[in-house]
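Structure record follows, encoded as structure tokens.
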Amino acid sequence: MPRILYIGAPEASAASFSDMARAALPGLDLVAVDGKEAAMAHAADCEAMIGHHFQFDDALVARAPRLRWIQSLTTGTDHILTLRSLAPEVIVTSTRGMHGPQMSKLIFLHMLALARDFPRMQRNQAAAVWQRWPQPLLWGKTAVIVGVGAIAEALAPRCKAFGMAVHGVSGTPRAVQGFDQVHARRDIAAAAALADFLLVIVPLSAQTENLIDAHVLAAMKPGAYIVNAARGGVLDETVLLASLRAGRIAGAGLDVFRQQPLPADSPWWHEPKVIVTPLVGGMSDIYLQQAFPIVEANLRHFIAGRSDAMHNIVDRGAA
């Protein structure tokens, strides 16, 4: 029986995972700990590690010479794939497909708050000011979703439920249920020109680094908004800030940044047309319950020696 090391986090603690895993897989050789420091003490004997992508670093992976599999508890695995100590034969899997409900809600929070200028309402409440203004609707607006994967497929019908037109931008353009049209990535500027809301959820890769650049932002309408819930690296933050200050777009909702946590002296904190959230798009109060079916299935395949049957194997050649 291979030894499995689970690295807990606040939303997916070691104790909670241990209870679920041992109930589903009696006899599982599992070491479950909270935090990377505790994991370091057990890494040498493990053949598999399970944890959030940000918990893995070169020091931890280098301490695990028997490692054959990493299960990320996130969709994004770009950080793991860049580790110098990650041997080429180590399989990396993700929990792709579980984040649609929470990511959709976070994106709608940003869209509604930006369109209705909800931060001004909060400031007025704090100052006891009764002020009213026309409230824009999402109905009749166009959402352009950059990155047509599992999250986008959950987000698109929710946009439709609010009466929005929905377009997508994809590296592999195809007809997708819930989308009025899916555009090729090379046509992203033309698609951005249609957007009242440009919603960015594309994974970070060499092909998507700075995908949202000056050309794309210049194509957007002055009244349009951008929401980035993907990775900080897919967007040129310097150009975005200049565009906002020049009034070339109406506002931005940002859940991700190139530097995280966002430094206290970052201009984003105080930019009036921006709503900042602290990387909460993928979080939920039932995170482990959402992730566990994928992890359990992969554990069963790994133990049975059927690594080829595991779910969400990351193509490391495409990183």
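The values are calculated or read from the model by the stated rules, or taken from the named source; none is laboratory data. The shown structure was predicted, so the numbers you read here are calculated from the model rather than taken from an experiment. Counting neighbours? That spans all protein chains shown, and the Cβs are built from the backbone with ideal geometry, glycine included.
Tell me which residues, restricted to segment 182-198, are farther than 20 Å from Ser104 by Cβ and part of a strand (DSSP E or B).
His183, Ala184
Residues of segment 244-264 being within 29 Å of Thr75 (Cα to Cα) and either in contact (Cβ under 8 Å) with a residue 12 or more places away in the chain or assigned by TED's automatic domain parsing to the domain that holds Glu11 (or both), which ones? Reasoning before the result, please.
From segment 244-264, those within 29 Å of Thr75 (Cα to Cα) are 251-264; that's our starting set.
Scanning segment 244-264 gives Gly251, Ala252, Gly253, Leu254, Asp255, Val256, Phe257, Arg258, Gln259, Gln260, Pro261, Leu262.
All but one of (1) of a type outside the set (Ser, Thr, Tyr); (2) buried (at least 18 other Cβ atoms within 10 Å of the Cβ); (3) within 16 Å of Phe292 (Cα to Cα) hold for Phe56; which doesn't?
Going through (1) of a type outside the set (Ser, Thr, Tyr); (2) buried (at least 18 other Cβ atoms within 10 Å of the Cβ); (3) within 16 Å of Phe292 (Cα to Cα) one by one, Phe56 breaks only (3).
Out of all the residues in segment 274-294, is one or more at negative phi, in contact with a Gly (Cβ under 6 Å, 6 or more places away or on another chain) and modelled with pLDDT of 95 or more? Walk me through it before giving the result.
Taking segment 274-294 as the starting set, the residues that turn out to be at negative phi are 274-278, 280-294.
In the following step, the residues that additionally are in contact with a Gly (Cβ under 6 Å, 6 or more places away or on another chain) were identified as 275.
If we keep only those that are modelled with pLDDT of 95 or more too, we end up with 275.
Yes, the conditions are met somewhere in segment 274-294.
Only one of (1) in a strand (DSSP E or B); (2) over 27 Å from the mean Cα position of the chain (by Cα) fails for Gly27. Which number is that?
The number of the failed condition is (1).
Among the residues in segment 208-216, are any crowded, with 23+ Cβ neighbours inside 10 Å, over 20 Å from His99 (Cα atoms), more than 20 Å from the chain's Cα centre (by Cα) and at pLDDT 95 or above?
Looking through segment 208-216, at least one residue is crowded, with 23+ Cβ neighbours inside 10 Å, over 20 Å from His99 (Cα atoms), more than 20 Å from the chain's Cα centre (by Cα) and at pLDDT 95 or above.
Would segment 263-273 turn up any residue that is buried (at least 20 other Cβ atoms within 10 Å of the Cβ), modelled with pLDDT of 95 or more and within 21 Å of the chain's Cα centre (by Cα)?
Within segment 263-273, the first condition is being buried (at least 20 other Cβ atoms within 10 Å of the Cβ), and the residues that meet it are none.
No; the residues of segment 263-273 include none that is buried (at least 20 other Cβ atoms within 10 Å of the Cβ), modelled with pLDDT of 95 or more and within 21 Å of the chain's Cα centre (by Cα).
I'd like the residue in segment 220-260 that is of a type in the set (Lys, Arg) and more than 19 Å from the chain's Cα centre (by Cα) and, out of all such residues, is farthest from Pro278 (Cα to Cα).
Applying the first criterion (of a type in the set (Lys, Arg)) to segment 220-260 yields 221, 231, 245, 248, 258.
Going one step further and asking which of them are more than 19 Å from the chain's Cα centre (by Cα), we end up with 221, 245, 248.
Numbers: Lys221: 27, Arg245: 22, Arg248: 25 Å.
The qualifying residue farthest from Pro278 (Cα to Cα) is Lys221.
If the requirement is being surrounded by fewer than 23 Cβ atoms within 10 Å (Cβ to Cβ), in a strand (DSSP E or B), among the hydrophobic types (A, V, I, L, M, F, W, C) and in the same structural domain as Leu288 (by TED's automatic domain parsing), which of these qualifies: Val92, Val61? So that I can check it myself, show each step before the final result.
Values: Val61 fails: in a strand (DSSP E or B).
That would be Val92, the only listed residue that is surrounded by fewer than 23 Cβ atoms within 10 Å (Cβ to Cβ), in a strand (DSSP E or B), among the hydrophobic types (A, V, I, L, M, F, W, C) and in the same structural domain as Leu288 (by TED's automatic domain parsing).
Anything in segment 146-188 that is over 22 Å from Asp255 (Cα atoms) and either among the small types (Gly, Ala, Ser) or touching a Phe, Trp or Tyr at 6+ places or on another chain (Cβ under 6 Å) (or both)? List them, or say none.
Ala161, Gly163, Ala165, Gly171, Ala175, Gly178, Ala184
Of (1) touching a helix residue (DSSP H, G or I) at 6+ places or on another chain (Cβ under 8 Å); (2) touching a residue at least 60 places away in the same chain (Cβ under 8 Å), Pro267 satisfies all except one. Which?
(2)
Please work out if Ala152 is under 24 Å from Lys221 (Cβ atoms), surrounded by fewer than 16 Cβ atoms within 10 Å (Cβ to Cβ) and in the same structural domain as Asp196 (by TED's automatic domain parsing).
No.
Identify, from the list Asp196, Asp213, Asp236, the residue that is out of contact with any helix residue (DSSP H, G or I) (no Cβ under 8 Å at 6 or more places or on another chain), not aliphatic (A, V, I, L, M) and not assigned by TED's automatic domain parsing to the domain that holds His53. Talk me through it step by step, then tell me what you get.
Numbers: Asp213 fails: out of contact with any helix residue (DSSP H, G or I) (no Cβ under 8 Å at 6 or more places or on another chain); Asp236 fails: out of contact with any helix residue (DSSP H, G or I) (no Cβ under 8 Å at 6 or more places or on another chain).
Being out of contact with any helix residue (DSSP H, G or I) (no Cβ under 8 Å at 6 or more places or on another chain), not aliphatic (A, V, I, L, M) and not assigned by TED's automatic domain parsing to the domain that holds His53 holds for just one of Asp196, Asp213, Asp236, which is Asp196.
Got at least one residue in segment 125-134 being of a type in the set (Val, Ile, Thr) and surrounded by 14 or more Cβ atoms within 10 Å (Cβ to Cβ)? Break it down stepwise before answering.
Step one: list which residues in segment 125-134 are of a type in the set (Val, Ile, Thr), which gives 129.
Of the ones still in play, those that are also surrounded by 14 or more Cβ atoms within 10 Å (Cβ to Cβ) are none.
Scanning segment 125-134 turns up no residue that is of a type in the set (Val, Ile, Thr) and surrounded by 14 or more Cβ atoms within 10 Å (Cβ to Cβ).
For segment 41-53, give me the residue count where each residue is touching a strand residue (DSSP E or B) at 6+ places or on another chain (Cβ under 9 Å) and either modelled with pLDDT under 95 or surrounded by fewer than 21 Cβ atoms within 10 Å (Cβ to Cβ) (or both). Reasoning before the result, please.
Start the filter on segment 41-53 by keeping residues that are touching a strand residue (DSSP E or B) at 6+ places or on another chain (Cβ under 9 Å), which leaves 41-43, 45-53.
Filter once more, keeping what is either modelled with pLDDT under 95 or surrounded by fewer than 21 Cβ atoms within 10 Å (Cβ to Cβ) (or both): 41-42, 45, 47, 52-53.
So the answer is 6.
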